[in-house]
Every structure is written in structure tokens, then in C-alpha cells.
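Participant: After the C-alpha cells below, expect a handful of questions from me.
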Amino acid sequence: MKKSLWYVFACLLTLSLVLSGCNSSNSSSGEKGESGKKGYTLIYGRGGDSTALDPAVTTEGESFIVTEQIYENLVSYGKDNTEIEPALAKDWKISQDALTYTFTLNEGIKFHDGTDFNAEAVVKNFQRWAKSKDEAKFAYYPSMFGGFEGDEGHVIKEVKAVDEKTVEFTLTRPQAPFLKNLAMSPFAIASPTAFEKDGDNFTKNPVGTGPFKFKSWKKNDTIEVVKNDKYWKKGLPKLAGVKFKVIKDNSARLNAVIKGEIDLMDGLNPSDMPKVKKDSKLQLFERPSMNVGYFGFNTEKEPFNKKEVRQAISHLINKQDIITNFFEGTAEPAKNPMPPSVSGYNEEIQDYEYSVEKAKELLKKAGLENGFKMDLWAMPVPRPYMPSGQKVAEAIQASLKQVNIDAKIVTFEWGTYLEKVQAGEAPTFMLGWTGDNGDADNFLYTLLDKDTIGSNNYSRYSNEEVHKLLVEAQSTADENKRNELYKQAQVIIHEDAPWVPLVHSKPQLAGSSSIKGFVPHPTGSQSFVDVSVD
Amino acid sequence: MFSYTIRRLTALIPVLLGMTFIVFMMIRAIPGNPAQIILGQQATKEAMAALTKELGLDRPWPTQFWEYLTGIITGDLGVSLKSRVPISEEIWPYLAATIELSLVAMVIAIIIGVNAGIISAWFQNSWFDYVAMVVALIGVSMPIFWLGLMEQYIVAIQWDLLPTTGRDNIRDPVEAVTNLYLIDSLLNNRFDQFIEVIRHLILPGIALGTIPMAIIARMTRSSMLEVMRSDYIRTARAKGMKMFWVVYKHSLKNALIPVVTVIGLQTGLLLGGAILTETIFGWPGIGTYIYEAISYRDYPVIQSGILVVAAIFVLINLVVDLLYAAIDPRIKYK
């Protein structure tokens with residue numbers, strides 16, 4: 001025993017000598033040496049791994065962050081907003097009745113597998129989704145385009161290749177957010193040759209036209225994409241590649257950025273912001289908000305079926321306090337169910353002011369001046385729109401105490417929580433929403449129309465007038481008129497107060513100060529095509 | 001000895017079978033529908049129903065259980081609901097990462113723990129004894145989360161000695177062969193990478209090894225104290241034998257049995273329980289694999305993951321039992 005122990009000791013001693021010897025030379029040659037080179041591989045740290053690298057089959061942001069590098073869409077969002085810009089299509093015409101969209105495609109673009117990108121490829125991609133009728137596989141397609149081929153609500157009647165570089169979409173009815181839908185990550189154009197050949201394996205071997213090509217995927221660890229040398233936009237991308245590295249813990253991820261092991265990270269804890277600001281080698285990035293965190297009422301349940309009660313509670317919540325205490329200022333107070341970055345936002349609405357007196361008055365009107373008991377459901381997990389649901393719930397609980405409302409905080413595991421809230425079991429609940437396509441429809445109709453009760457209208461809010469406005473807006477092509485309809489709807493929703501909109505959070509990212517050209521996109525995923533590192 | 005091993009291995013079957021059944025029932029008892037979680041907040045009812053059917057989760061559980069069992073017998077651990085990859089294909093890299101980390105943690109824990117325990121017992125009630133035991137007490141109750149972040153902050157950032165996260169230098173990754181990077185780096189003839197892998201192992205190894213280290217130290221101390229009071233030790237000393245030999249040869253060997261038991265148990269625990277360390281150090285191990293599967297309701301991964309970890313746990317215990325005989329010839333297995 002003793003002999004072997006000494007042996008181990010001796011080994012360890014030698015090892016530690018070797019290690020400490022290597023240390024200084026290693027750290028200086030390894031990291032700095034490479035960044036001096038022209039082609040730099042940027043390392044992006046994040047909290048979770050992707051599930052699939054075929055954007056059409058996933059609904060989850062960690063996958064889109066990667067597929068956004070590999071694939072491109074017919075049209076794309078602006079760099080920091082959701083305005084529509086040309087991408088694979090350089091130009092498009094919309095017919096008078098808003099039923100025909102004719103896209104002219106850019107020429108000379110090739111997929112990473114060498115096959116040509118053309119009108120036929122676009123058609124095949126849409127057929128792949130529309131004909132699949134596989135809601136479990138292509139979840140986003142039916143929810144954005146009203147179903148699959150043959151379904152009553154299906155918006156896309158036909159996709160036709162007019163010639164090599166012209167694609168024509170014929171719609172069954174006007175769909176105002178159609179272009180915005182086309183720009184969403186899941187509707188990126190993939191190589192038909194590749195997805196026909198690979199079948200179910202396509203999620204692991206993505207082939208697009210994007211600035212970066214897929215290289216490797218170490219599960220739960222690293223995904224690497226490398227520069228597409230034949231990329232159709234001259235001089236781009238500037239990076240030699242991007243590696244997406246999973247480091248689950250937010251603080252640990254920041255440690256890795258400080259150390260220079262990774263270049264950029266998302267999911268910065270707001271409390272760590274001062275540390276980043278102080279460090280001259282680091283910089284902060286702020287993602288514009290495309291979400292809303294809210295405190296919802298089940299409008300079918302006593303006493304929240306009374307408008308006065310909902311309004312009273314709206315007067316009781318101090319949003320600024322919540323933002324200062326739980327968001328470290330990285331959010332703005334919400335007064336509408338959608339963020340200001342989305343067009344159609346009603347600036348003129350006056351939020352319910354924080355006033356215990358007014359709340360008491362309203363409760364008296366409802367005959368509840370002596371208060372009542374209620375359950376307050378709080379989400380168990382941090383979400384982008386609500387990093388600490390439990391604590392915010394406690395703050396709301398304390399506010400409600402002021403008018404003798406005795407709230408008990410209730411929580412469940414996240415999947416169960418969603419299921420139960422959806423089933424209408426929660427009298428009041430905290431939730432939120434991150435926009436899919438940056439359109440008002442995706443907030444107001446999805447979350448508050450009477451049609452969506454049982455899916456995402458967790459408040460079970462039903463207002464005929466709002467419904468009329470929202471449905472009319474869906475088929476109004478004129479942007480100004482459409483925005484007007486949404487503004488009207490927001491006035492009614494404000495009055496009815498099915499929720500207390502709490503915040504629009506602005507997620508923070510931290511990175512090395514040598515990163516240039518990185519602009520976080522409100523949708524949560526952005527291309528690194530023109531990012532460079534000095 | 002051989003027939004004993006065979007008998008023990010046979011006895012594993014009902015243990016693992018029972019465990020499979022319990023895990024199978026337990027995960028179905030947790031509320032939450034995998035289809036809902038996979039498809040997210042946006043999912044429609046139809047999509048969820050379609051996916052539930054596709055995943056086979058709409059069938060009665062005895063059917064599901066039977067299929068799972070027959071699968072396992074043929075070496076099929078099922079297919080992950082999340083990645084849609086056969087688990088037998090994807091589990092090894094995670095397992096390898098954890099095995100490598102756990103072994104390093106245990107080596108650190110054993111070397112320091114056993115020696116601290118011996119010296120504490122040898123010089124009972126000395127200042128070393130007190131300090132070591134207080135440190136061990138702190139070690140047992142140390143939150144790994146905090147320890148890991150402190151290590152990163154002080155050792156990696158302030159002193160700039162070691163890397164903070166990961167298994168290798170992400171700018172110069174190890175090419176996986178066996179997925180045990182210590183071996184892979186050598187197989188690829190990259191001694192510089194081998195050093196780099198060791199440097200990455202030190203901080204998480206210490207974080208993970210702290211609790212077992214403290215437990216081992218305390219166990220060694222108490223076991224040694226008992227042995228050192230026995231007659232044959234007095235005899236050995238009376239013969240004029242050097243104290244060092246008395247302690248490290250005669251006492252240690254006799255005090256080792258309970259220590260080995262603890263070491264075996266702790267090694268088993270580390271394999272499945274390294275989630276915190278893995279989370280902080282960006283370590284793609286089996287703990288996070290199973291943990292994520294739980295929050296994703298990835299039933300096959302939870303089942304098979306736990307099954308594999310449990311099988312290893314039981315095997316380690318078997319090895320420990322066999323070690324008893326090697327350490328103490330008085331113990332014989334028939």
C-alpha cells in the first residue's frame with residue numbers, strides 16, 4: 001500500500017511541476033496567437049444545446065441561433081427590428097387583392113452541397129412542409145400559415161416556379177403578416193437534394209445557402225460552423241467560423257468571457273452588469289425587447305370575471321419597483337400586451353397609475369372592499385421575460401395585502417404549469433410571451449382573441465369587438481389601416497384589463513470589446529455574417 | 001471467488017429489473033406531458049396529440065414497459081424523444097466525460113482524504129488533527145455551487161492559473177476517439193493537449209472531490225483510531241518498529257475495509273450526482289444529460305440513463321466486495 005502511495009505521490013509531484021511549467025507559455029501562445037490571425041473563430045457561450053439543426057422541425061431558440069448562420073430566407077428582418085428586407089429574394093410584388101406575391105430571386109446562389117438555389121428549390125421546401133401534414137414534426141408551419149395543404153384554414157393555395165428565378169405564391173385569403181412569417185427562422189430554405197436524401201437525419205446535417213457551413217456537433221457541448229467560401233455576398237462573412245459552446249450556469253459563462261475562453265455570451269445575469277461595465281476588455285449588448293411578461297386573470301373565474309376587480313389590481317402593481325428590484329433596470333414597464341418595437345403599438349394609452357386609493361374605490365364598487373383570498377400562480381423557471389417569477393410574485397402578493405387581498409403563491413413544474421394554466425385552472429397567473437414574427441397579430445390575436453381560448457389565450461378573455469378588429473386586421477394589407485385597428489383593440493383591452501402587462505424585458509449579452517458589428521436581434525437569433533473581431 | 005462473482009452478477013438482474021420498473025413508474029407519475037414540452041408554449045392540441053401518438057405514449061403502460069424491457073435485453077436502450085437519436089449511440093460521450101471527471105475527483109479525494117485521516121489519527125488531538133477535522137467538516141457541508149464559482153473566480157480569473165470551463169481548449173479541441181480525453185489526446189500524439197485536458201480537470205475535480213474527500217478523511221481517522229488501539233499494534237510498537245511503518249503498513253491495512261466501502265459508495269454517487277459541478281464547469285456529463293431529460297420529460301433517456309448509472313453503481317459495489325478479500329485475506333468468498 002505504502003509503496004503504491006509513494007508512487008502516486010511522485011507522479012503527482014512530477015505532474016504538477018510539468019503543469020505549472022506549461023502554464024505560462026500555454027495561455028499566451030494559445031489564445032492571443034489566434035486572434036491576431038485574419039480568420040477568427042468566434043465562440044458564443046449559451047445556456048443550452050440545440051435540439052435540431054433543421055429550423056423547420058424545431059420551435060426552440062437555441063436551435064435557431066445556429067440555423068440562422070447556416071440558412072437564409074426569401075426575405076429577412078432588419079438588423080435590429082422586424083421590418084422586412086430582401087434576402088434570397090431581391091424583389092417582390094404584391095397584387096392589388098393581396099392574394100399573389102411574386103418574388104424575384106437573386107441569381108448565382110448555391111447551397112453548401114453545390115446544388116443550385118432556384119425557384120424550384122423554394123417550391124420543394126414549401127411542399128415539404130405543406131404536404132407533410134405532420135403537425136408533430138413541422139409545428140410552426142401550420143400555426144403560422146393556418147394549417148397544411150387541404151386544411152380549411154390553410155393560407156397558401158399554391159407555390160409555383162414561374163421560371164428559374166421567379167416564384168409565385170397564391171394565397172386563399174389575404175394574410176397581412178405573410179412577409180413577416182416568411183422571414184421567420186423556421187421557414188428558411190434548405191437544399192432539397194439534402195433533405196430528400198437524408199430524411200430524418202437532416203436535422204443533424206443541415207445544408208443551406210447561409211454564410212456559414214455546418215461542421216460538427218458535440219452534443220451538449222459545442223456546435224461548430226465554418227465560413228462558406230462561396231457565399232454569394234462578396235467579402236462576407238468576416239469570421240472564419242463560429243462555435244456555440246454550452247455553459248449552463250450564467251455566472252460560470254461570464255467567468256469564461258472574462259477569462260477570454262469564449263468571446264460572447266447570452267443570458268447575462270442583470271446583477272452582473274456592473275462587473276461587465278467596469279471591465280475595459282468587455283462590452284455589454286442589449287437585445288431590443290420582443291416580449292411581454294404579464295400577470296393574468298382568468299376572466300371566467302370569480303371574482304376576476306368582474307372588470308372592476310381586474311382594474312383595481314392593475315392599480316396596485318408598481319411596475320417600476322419590480323423593474324428596479326428584479327430586472328436591475330433591464331426592462332421597461334409594459335402598458336400594452338405587446339412591446340413598443342412591434343408596429344401598431346398604441347403609444348397613447350395611459351397606464352393604470354399606482355394608487356391604493358383608486359384600487360380601494362374599485363373594489364368597493366365590486367362589493368369586495370373587505371378583500372378576499374386568492375391563489376397566485378407563479379412560474380417555476382426563469383424565462384426571458386421574467387427572470388425571477390417567484391420573487392416578483394412575492395412583490396405582487398405584498399401589494400395585494402394593502403387592500404386585504406390574501407394571495408397564496410402556487411407553483412408547479414413548468415410543463416405542468418403551462419398545461420394547467422391552459423386548461424383554465426389558475427385564477428391568476430404569471431406568464432409571458434416572446435414574439436415569433438414581430439407582428440402585432442402574433443401578440444394580440446394569439447394571446448387575447450376569443451378564438452385562441454384553450455391554446456394561448458390563458459385569460460380566456462373574450463370580447464366580440466376585439467375579435468372583430470383583430471380578424472379584420474388579419475386581412476388588411478394596408479399597413480397604416482392595420483396599425484389603426486390594432487391601436488383600437490389595445491384601447492378596449494386596456495379598459496377590460498384581462499392582464500396586468502408587467503414588463504418588456506431587454507435581455508443582456510456580454511462580450512469581448514474587440515467584437516465589431518454584432519447587433520442582437522429582437523427575435524433572439526441573429527446572423528454573424530458581418531461580425532468581426534479585431 | 002469466481003463462482004461468487006458469477007453469483008453476484010446474476011443477482012444483479014433482479015436488482016436492475018426492479019429498479020427499471022420503479023423508475024419507469026416514477027417518471028410517469030410526475031405530471032407533465034412530453035409532447036407539450038417538446039412543442040413548446042405555441043403548440044396546438046392537434047400537434048400535441050399527433051406527437052403523443054408518434055412517441056407511443058398513448059398506449060397503455062404495461063405495453064410500453066414490456067417493449068422497453070425486450071429492447072434492453074437486445075441492447076436497445078430506446079430512442080431519445082428530444083434528439084431522436086438511439087440512446088446507446090449518444091450516451092457514451094456523456095458517460096465518458098463523467099467517468100473521467102469522477103475518477104480524477106476520486107483520486108484527489110482518496111489521496112488527500114486518506115492521508116489526512118491517517119495523520120489525524122496518528123497525531124490524535126494535535127493541532128493538525130483539529131485543523132484537518134474542522135476542514136473536513138466544512139468540506140462535507142460546502143455548497144459545491146459556491147465552491148466551483150469561487151475556484152473559477154480566484155484560481156482561474158484572479159490568479160490566471162487554470163481554465164474556467166470545459167473539458168479542453170475550445171479553440172483547439174481534442175479529437176474524440178474513446179471520448180476519454182486523457183487517453184484521446186495521447187492517442188492523437190498531442191502531449192500539449194494532454195496537459196491542457198489535465199488543466200481543465202483540476203478545478204472541477206477539486207469541486208467534485210471535496211465532499212468525498214472530507215467523508216473519506218473522517219472515516220479513515222475513526223477507523224484508524226480503532227485499529228491503533230488494538231493489541232497487535234501495541235505489539236508491533238513494542239518490537240521497536242518505526243512508527244511510520246506501524247501506521248502505514250499494519251494499521252492502515254486493517255483500517256482500510258470501511259474506508260474502501262465508503263470510497264466505493266462515493267464513486268458511485270459521483271457518477272450520477274455530478275450535476276452541480278457539470279453545470280458550473282460546462283461539463284457535458286451524464287448528470288446533466290439525465291437532468292435535462294427530466295425537465296424535458298424525455299422518458300427513454302431518464303430510464304436508460306438511470307439504468308446505466310445504477311448498473312455501474314452496483315458493479316462498483318461488487319468490485320468493492322471483491323477488494324475486501326484482497327485487502328484482508330481473512331475474508332473468503334465461497
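The values are calculated or read from the model by the stated rules, or taken from the named source; none is laboratory data. Just so you know, these numbers come straight off a predicted model, no measurement behind them. Using ideal geometry, Cβ is built from the backbone for each residue, glycine included, and neighbour counts are taken over all protein chains shown.
Participant: Kindly indicate which of A:Ile317, A:Ile258 is within 13 Å of chain B (Cβ to nearest Cβ) and either surrounded by fewer than 18 Cβ atoms within 10 Å (Cβ to Cβ) or touching a helix residue (DSSP H, G or I) at 6+ places or on another chain (Cβ under 7 Å) (or both).
Facilitator: Result: A:Ile258 is the single residue among A:Ile317, A:Ile258 that is within 13 Å of chain B (Cβ to nearest Cβ) and either surrounded by fewer than 18 Cβ atoms within 10 Å (Cβ to Cβ) or touching a helix residue (DSSP H, G or I) at 6+ places or on another chain (Cβ under 7 Å) (or both).
Participant: Here is a further query. Before we move on, is A:Thr209 closer than 24 Å to A:Val122 by Cα and β-branched (Val, Ile, Thr)?
Facilitator: Against the criterion (closer than 24 Å to A:Val122 by Cα and β-branched (Val, Ile, Thr)), A:Thr209 qualifies.
Participant: Would you please name the residue that is farthest from B:Thr98 (Cα to Cα), looking only at residues in segment B:241-264 that are within 11 Å of chain A (Cβ to nearest Cβ) and charged (D, E, K, R)?
Facilitator: Applying the filter and picking the extreme gives B:Lys249.
Participant: For segment B:82-96: of the residues being part of a helix (DSSP H, G or I) and of a type in the set (A, V, I, L, M, F, W, C), which is farthest from A:Val246 (Cα to Cα)?
Facilitator: If we take residues in segment B:82-96 being part of a helix (DSSP H, G or I) and of a type in the set (A, V, I, L, M, F, W, C), then B:Ile87 is farthest from A:Val246 (Cα to Cα).
Participant: Name, by its number, the condition in (1) at pLDDT 90 or above; (2) more than 13 Å from chain B (Cβ to nearest Cβ); (3) surrounded by fewer than 23 Cβ atoms within 10 Å (Cβ to Cβ); (4) not in a helix (DSSP H, G or I) that does not hold for A:Arg173.
Facilitator: In the conditions (1) at pLDDT 90 or above; (2) more than 13 Å from chain B (Cβ to nearest Cβ); (3) surrounded by fewer than 23 Cβ atoms within 10 Å (Cβ to Cβ); (4) not in a helix (DSSP H, G or I), A:Arg173 misses (1) alone.
Participant: For residues that are more than 22 Å from A:Ser527 (Cα to Cα) and away from chain B (no Cβ under 13 Å), tally how many sit in segment A:261-270.
Facilitator: Residues flagged as more than 22 Å from A:Ser527 (Cα to Cα) and away from chain B (no Cβ under 13 Å) within segment A:261-270 amount to 1.
Participant: Output the residues belonging to segment A:254-274 that are assigned to a helix (DSSP H, G or I) and of a type in the set (A, V, I, L, M). Break it down into steps so the answer makes sense when it comes.
Facilitator: Initial filter on segment A:254-274 (assigned to a helix (DSSP H, G or I)): A:254-259, A:270-274.
Scanning segment A:254-274 gives A:Leu254, A:Ala256, A:Val257, A:Ile258, A:Met273.
Participant: Which of the following residues is surrounded by 20 or more Cβ atoms within 10 Å (Cβ to Cβ), in contact with a strand residue (DSSP E or B) (Cβ under 7 Å, 6 or more places away or on another chain), in contact (Cβ under 8 Å) with a residue 24 or more places away in the chain and not in a helix (DSSP H, G or I): A:Pro522, A:Pro501? If you could, list the steps in order and put the result at the bottom.
Facilitator: Details: A:Pro522 fails: in contact with a strand residue (DSSP E or B) (Cβ under 7 Å, 6 or more places away or on another chain).
Result of the check over A:Pro522, A:Pro501: A:Pro501.
Participant: Kindly indicate the residue of segment A:275-324 that is in a helix (DSSP H, G or I) and polar (S, T, N, Q) and also farthest from the chain's Cα centre (by Cα) among those meeting that condition. If you could, list the steps in order and put the result at the bottom.
Facilitator: We begin by selecting, within segment A:275-324, every residue in a helix (DSSP H, G or I); these are A:275-278, A:307-316, A:319-324.
Now narrow it down to the ones that are polar (S, T, N, Q): A:311, A:314, A:320, A:324.
Values: A:Gln311: 30, A:Ser314: 27, A:Gln320: 24, A:Thr324: 23 Å.
Taking the candidates together, the pick is A:Gln311.
Participant: I'd like the residue in segment A:233-255 that is more than 10 Å from chain B (Cβ to nearest Cβ) and without any contact (Cβ under 8 Å) to a residue 40 or more places away in the chain and, out of all such residues, is farthest from A:Gly517 (Cα to Cα).
Facilitator: A:Lys234
Participant: It is to be established whether one or more residues within segment A:39-49 are in contact with a Phe, Trp or Tyr (Cβ under 9 Å, 6 or more places away or on another chain), at pLDDT 90 or above, under 27 Å from A:Asp249 (Cα atoms) and facing chain B (nearest Cβ under 10 Å).
Facilitator: If we filter segment A:39-49 for residues that are in contact with a Phe, Trp or Tyr (Cβ under 9 Å, 6 or more places away or on another chain), which is where we start, we get A:42-46, A:49.
Among the residues that remain, those that are also at pLDDT 90 or above are: A:42-46.
Still in the list and also under 27 Å from A:Asp249 (Cα atoms): A:42-46.
Now narrow it down to the ones that are facing chain B (nearest Cβ under 10 Å): A:43, A:45.
Yes, the conditions are met somewhere in segment A:39-49.
Participant: Taking the conditions exactly as written (touching a strand residue (DSSP E or B) at 6+ places or on another chain (Cβ under 9 Å), in a loop (DSSP other than H, G, I, E, B), more than 14 Å from chain B (Cβ to nearest Cβ) and closer than 24 Å to A:Lys307 by Cα), does A:Tyr352 satisfy them or not?
Facilitator: yes
Participant: Hey, another quick one. Looking only at segment B:175-197, which residues are at negative phi and touching a residue at least 40 places away in the same chain (Cβ under 8 Å)? Lay out the reasoning, then the answer.
Facilitator: Here is the first cut: in segment B:175-197, the ones at negative phi are B:175-178, B:180-188, B:190-197.
B:Ala176, B:Thr178, B:Leu180, B:Tyr181, B:Leu182, listed by residue number.
Participant: Only residues that are buried (at least 18 other Cβ atoms within 10 Å of the Cβ) and within 23 Å of B:Val15 (Cα to Cα): list them for segment B:73-92, please.
Facilitator: Hits for segment B:73-92 are B:Leu77, B:Gly78, B:Ile87, B:Ile91.
Participant: A follow-up question, please. Just to check your reading of the model, which residue among A:Ala52, A:Ala56 is crowded, with 23+ Cβ neighbours inside 10 Å, of a type in the set (A, V, I, L, M) and within 14 Å of chain B (Cβ to nearest Cβ)?
Facilitator: Matching residue, one of A:Ala52, A:Ala56: A:Ala56.
Participant: Test of understanding: among B:Ile38, B:Ile6, B:Ile99, which residue is part of a helix (DSSP H, G or I) and at pLDDT below 85?
Facilitator: B:Ile38
Participant: Name the helices (runs of 4 or more DSSP H) wholly within segment B:113-213 that hold at least 3 residues that are more than 11 Å from chain A (Cβ to nearest Cβ), β-branched (Val, Ile, Thr) and over 22 Å from B:Leu252 (Cβ atoms)?
Facilitator: B:127-141
Participant: Would you mention how many residues in segment A:207-253 are surrounded by fewer than 22 Cβ atoms within 10 Å (Cβ to Cβ), among the hydroxyl-bearing types (Ser, Thr, Tyr) and assigned to a loop (DSSP other than H, G, I, E, B)?
Facilitator: Result for segment A:207-253: 1.
Participant: Would you pick out the residues in segment B:265-314 that are under 25 Å from B:Leu147 (Cα atoms), more than 10 Å from every other protein chain (Cβ to nearest Cβ) and among the hydroxyl-bearing types (Ser, Thr, Tyr)?
Facilitator: Within segment B:265-314, B:Thr267, B:Thr277 qualify.
Participant: If you don't mind, there's one more thing I want to ask. Restricting attention to segment A:328-350, and to residues there that are surrounded by 15 or more Cβ atoms within 10 Å (Cβ to Cβ) and either at positive phi or of a type in the set (Asp, Glu) (or both), which single residue is nearest to the chain's Cα centre (by Cα)?
Facilitator: Selected residue: A:Glu332.
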